[in-house]
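Everything on this sheet refers to the single structure shown next.
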Amino acid sequence: MRRIKKENFNQLGFNVSGIFKFAFFATFGMSSVFFAGASFAQTRCPPGSAIGSGQCAPDDVDSSDQGPVTVVRYTGYWTKTWGALANGENGIGGVSVDFEKKRDAKLSAIKNCEDRGGTKCKVVITYYDQCVVATFPKNGVPGKSSGRTNTAATIEEATQDGLQSCSELNGGVPCEVVYQACTQRKYIKY
């Protein structure tokens, strides 16, 4: 590879010091413009929020003229709650609602079923942060008729779905709601 000498380069009409100034500006000056734009991004966000979301505040360039800064202190957290339904072989059931642990909700439903006289009780359904409805055919016989258990975001939705599916399961016989409940998130303080 052939090198161009400084003198030959100057003979072409280029000022070497000007070329180096231009190269320096193009490399470092323009990149600082791009990085300067990034420094105004929204990065003051609450935990769990995506940078740039509506919950974020813009970075303070000079907070001295913006008044006092509000400091957010979290005093707790939200946790889901569990519920369960258990059913015995003899058609007697048991329920539980608003337990912090799934296992505790299951054990409570089984114990409730046994306390009410259920035999060989087993958990039919567990649910959290939603509503449950148990339906059974009107004039149905426990152990011979089939009930349904449905979950949904609201009692109304779960009731509508439960009554319809129970009736379809039992050949069009009208059904009724025998149990309904909702579990909701709880706020736990630190």
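Read-outs throughout are calculated quantities, based only on the coordinates presented, and are distinct from any laboratory measurement. As the structure is a prediction and not an experimental result, all values here were calculated from the model. Neighbour counts run over all protein chains shown; Cβ positions are idealised from the backbone, glycine included.
Give the dimensionless ratio obtained when the Cα radius of gyration of the range 81-190 is divided by 2.2 N^0.38 Å. Walk me through the intermediate numbers first.
Values: Rg = 14.2 Å, N = 110, 2.2 N^0.38 = 13.1 Å.
Rounded to two decimals, the normalised Rg is 1.08.
For a quick check: with amide H placed at 1.01 Å from N, whose amide H comes under 5 Å from G93's, ignoring anything fewer than 5 positions away on the same chain?
Those qualifying (amide H under 5 Å, at least 5 residues apart or on another chain) are G88.
Long-range amide H contacts for Q130: which residues qualify at under 5 Å (H placed 1.01 Å from N, peptide plane, sequence gap of 5 or more or a different chain)?
T183
I'd like to know which of G118, P174, I155 lies farthest towards the positive end of the charge dipole of the range 98-189, counting +1 on Cβ of Lys and Arg and -1 on Cβ of Asp and Glu.
G118
With only Lys, Arg, Asp and Glu charged, each at its Cβ (+1 for the first two, -1 for the last two), find how big the charge dipole of the range 78-189 is about the Cα centre; round to the nearest 20 debye.
On the way: 15 positive and 12 negative charges, 96 e Å.
It comes to approximately 460 debye.
Please go through the residue pairs K102/K189; K120/K186; K80/K106; K111/K189; K102/K138; K122/K189 and name each one whose alpha carbons sit more than 26 Å apart in this structure.
K120/K186; K111/K189; K102/K138; K122/K189
Report the per residue volume, in Å³, of the convex hull enclosing the C-alpha atoms of the range 93-144. Write down the numbers at each step before the final one.
Details: hull volume 4.6 nm³, N = 52.
Given the Cα convex hull of the range 93-144, per-residue volume reads 88 Å³.
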